[in-house]
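The values are calculated or read from the model by the stated rules, or taken from the named source; none is laboratory data. Since we're looking at a predicted model, the values are computed, not measured. Note: ideal-geometry Cβ built from the backbone for every residue, glycine included; neighbour counts use all protein chains shown.
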Amino acid sequence: MTPNEITIGADGFYHPASEEELIALVKKANQEGLLLRVRGSVHSVACAIYTDPCTEDENHVEKQTPPDTDNLNVMLDQYRTFRVVDQEQMLVEADAGINLGIDPSDPTHTSTLENSLLYQLWNDYGWTLSDLGGITHQTVSGFVSTGSSGGSLTYSINENLYAFRMIDGEGNVYEVSREDTSPDEFNAVALSMGLLGVISKITFKCIPTFNISGQEAITTYDEALVDLFGNGSAERPSFETFLTDVEYTRLVWWPQRGGERIIVWQCQRIAPQYGFRPVHYQEFGNYPEISEVAISIFYTIIGNLDDLSAAKPKLEESFDQLEGVLQLFLEKKEDLGEFGKIMADVLTKALEFGVDAAITLLIPLAPIIKALLPDIFPIVLGIFMPLDSTKKGMQKGEPQSFRDYGWHGLPMDGQASDTLVPTEFTEIWLPIGRTEEVMNILNNYFTEPKSKHEALRRTGTYAWELYGAGPTDIWMSPSYSNGNDEWKDGVFRIDPYWFAGNAGNPAEVFYPQLWDLLRQNNIPYRLHWGKYQPIVTEGDPDGWVAFFKSQYEKWDDFLAKRAEKDPNNIFLTDYWRNRFGLWDMPKPSPKS
Ligand SMILES: Cc1cc2nc3c(=O)[nH]c(=O)nc-3n(C[C@H](O)[C@H](O)[C@H](O)COP(=O)(O)OP(=O)(O)OC[C@H]3O[C@@H](n4cnc5c(N)ncnc54)[C@H](O)[C@@H]3O)c2cc1C
């Protein structure tokens, strides 16, 4: 196959169907002096995925279209099968484009549950992977390329990574394996952000399938199973101990003044049994059917109070369900006071006269909503995220119990819609021994302002996910440890959510406060590679490149490997130049 035989799709992506075609594309980029990047299911920020040009305004999660460019953006929707290569060792070689589960936003509509890796492993072989993230929409190569991880210090998908088949920047295939005499190349490649070549195939060492049994409790801080800010007691473990001891867990913290609560989700493995009947975890409290639409409308309005015309598409999109949302607001009108009345009027107007009329009604009310927000937010939270002790028919503090197949139940956010409540993130990973110190830094930061508006600005209006991950020897993993350092017992992860429909770029208007707070308090930390990172410009005026370089022992080794595997810099976009301070590297040039 010659490079010119592969044509670009109408969607702006190249869609190779074999490794041979992938190699031809890499050769084309190298020969023509173009950038090449591969997308997975685009759950990372866009600039971490696509070729240049990618601007900060376009740097969103779930951006399905590639930039308008001659550079090569590749999608692997036609390269997603797998094969068992060693039955006894449970070794499975997966093509890079296979999704872990179904990707509901796949623009080609070819991702299904049935062609996903996890489903087939479970259904056909009784095998699975050791841990999964909160969703399984991702492709295997996208998940691994950013070092994604579930909430467990006991298990990790890293233990399933066995070998990689890569295509370097000149189109040569190379392979790395756990069995190599030196572990270096494997540990460099196993998290490489697309910078050490295109992943063609990943070999996983699977484990026998397991089921899980767990519970979730929504409580006040004092009633939580975990001592969130202290060093624990006989009755309640410290947060660090809890993260270390529980097999799988994640906490969702709502720190907003007046609404303070914590959701503790936890589970452990149980053996698969004949006749097992799952009882699925229910993510959206008292109103599962309408919650997401109502939350989506609420967030869109409060996130765009300076320009409410931005709320129009969201209201239009949810028009069919507005009646249900209106009923909910009518039911809660008393609790919500003036805001309840405003919402009921606006929704009634939308239903009677259309969305434009509703927006016209809403615009002059924006200052009132702004003024009321710190008081109404806790009430809204109480409606959608009720404390267990307030739920109908529940005993005080009675948690939700669930049991499920591991591959289906571990991704606890699988029910959340990518489109109704699109969520973006930054994610801090720090040594687990700092958990108590950092929880107190954050809590003080949230509670210290006298002004309730300032307090809400600091917490934001969305949740903070808290979880952990074990240590690893994968060089660029944010939980990398050499075994003797402060990272050796694993990491505590802080993941503040950002509603993607809010006005503004969170890397400018929300996340800097957190990044700066921890840096000022001399907390060592690293950031998830697929989520928001500080905006860096040439010359590193804010010292972010220097800061992160100081956090990664293998930073220079990784960059040396990058230069060796991609001598023409065809994978090195501006975004990645900025992350690593590689401004002096030449742009790709045509090679014969
Ligand atoms: C709703 C949501 C929930 C999430 N939950 C979690 C979670 O629980 N835990 C967690 O750690 N993270 C989580 N993430 C982050 C997510 O796991 C990462 O962003 C992951 O990288 C996305 O995988 P993807 O298939 O979408 O890859 P993409 O985002 O499309 O790509 C990720 C990177 O991999 C590169 N890449 C992809 N394929 C190849 C290839 N074949 N060769 C070379 N490079 C390649 C891309 O260029 C890019 O740099 C979540 C994100 C969202 C939006």
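Of all residues in the range 2-30, those satisfying the criterion of being in a loop (DSSP other than H, G, I, E, B), crowded, with 18+ Cβ neighbours inside 10 Å and either hydrophobic (A, V, I, L, M, F, W, C) or in contact with a Cys (Cβ under 9 Å, 6 or more places away or on another chain) (or both) are Ile6, Phe13.
Yes or no: Glu216 crowded, with 20+ Cβ neighbours inside 10 Å and of a type in the set (Asp, Glu)?
Answer is yes for this residue.
Screening Asp106, Asp57, Asp95 for residues that are within 23 Å of Arg579 (Cβ to Cβ) and either small (Gly, Ala, Ser) or in contact (Cβ under 8 Å) with a residue 24 or more places away in the chain (or both) leaves exactly one candidate, Asp57.
Of the strands (runs of 3 or more DSSP E) lying entirely inside the range 373-470, those containing at least 3 residues that are within 16 Å of the ligand (Cβ to nearest atom) and within 26 Å of Lys63 (Cα to Cα) span 423-425, 464-469.
Among the residues of the range 554-565, is any assigned to a loop (DSSP other than H, G, I, E, B) and either in contact with a strand residue (DSSP E or B) (Cβ under 9 Å, 6 or more places away or on another chain) or within 15 Å of the ligand (Cβ to nearest atom) (or both)? Among the residues of the range 554-565, at least one is assigned to a loop (DSSP other than H, G, I, E, B) and either in contact with a strand residue (DSSP E or B) (Cβ under 9 Å, 6 or more places away or on another chain) or within 15 Å of the ligand (Cβ to nearest atom) (or both), which makes the answer yes. Only a single criterion out of (1) part of a helix (DSSP H, G or I); (2) in contact with an Asp or Glu (Cβ under 8 Å, 6 or more places away or on another chain) is not satisfied by Tyr532, namely (1). For Glu32, the test of being out of contact with any Ser or Thr (no Cβ under 7 Å at 6 or more places or on another chain) and more than 10 Å from the ligand (Cβ to nearest atom) is passed. When each of Tyr119, Tyr50 is tested for being near the ligand (Cβ under 10 Å from one of its atoms), hydroxyl-bearing (Ser, Thr, Tyr) and out of contact with any helix residue (DSSP H, G or I) (no Cβ under 7 Å at 6 or more places or on another chain), the lone residue that passes is Tyr50.
Going by what's in this entry, would Gly150 be described as closer than 21 Å to Ile432 by Cβ, within 16 Å of the ligand (Cβ to nearest atom) and surrounded by 22 or more Cβ atoms within 10 Å (Cβ to Cβ)? Here the answer is yes, as Gly150 does meet what is asked.
Of note, Leu514 does not satisfy the criterion of being assigned to a helix (DSSP H, G or I), assigned by TED's automatic domain parsing to the domain that holds Arg250 and closer than 23 Å to Thr241 by Cα.
Restricting attention to the range 112-131, the residues that are of a type in the set (A, V, I, L, M, F, W, C) and farther than 19 Å from Gln87 by Cβ total 1. All conditions but one from (1) of a type in the set (Gly, Ala, Ser); (2) within 11 Å of the ligand (Cβ to nearest atom); (3) more than 30 Å from Ser592 (Cβ to Cβ) apply to Ala163; the one that does not is (2). Quickly run through the range 175-202 and pick out the residues that are more than 14 Å from the ligand (Cβ to nearest atom) and of a type in the set (S, T, N, Q). Passing the criteria: Ser177, Thr181, Ser182, Asn187.
Within the range 409-416, does at least one residue satisfy the condition of being touching a helix residue (DSSP H, G or I) at 6+ places or on another chain (Cβ under 6 Å) and either closer than 22 Å to Ser291 by Cα or touching a residue at least 12 places away in the same chain (Cβ under 8 Å) (or both)? Checked against the condition, which is being touching a helix residue (DSSP H, G or I) at 6+ places or on another chain (Cβ under 6 Å) and either closer than 22 Å to Ser291 by Cα or touching a residue at least 12 places away in the same chain (Cβ under 8 Å) (or both), the range 409-416 yields no hits at all. Could you tell me whether Gly409 is more than 14 Å from the chain's Cα centre (by Cα) and either surrounded by fewer than 20 Cβ atoms within 10 Å (Cβ to Cβ) or aromatic (Phe, Trp, Tyr) (or both)? Answer is no for this residue.
In the range 48-73, which residues are in contact with a Pro (Cβ under 8 Å, 6 or more places away or on another chain), charged (D, E, K, R) and closer than 18 Å to Pro107 by Cβ? Residues satisfying the conditions are Glu58, Glu62. Across the range 513-552, which residue is nearest to Glu56 (Cα to Cα) among those that are touching a residue at least 60 places away in the same chain (Cβ under 8 Å) and among the basic types (Lys, Arg)? Residue satisfying both the conditions and the ranking: Lys531.
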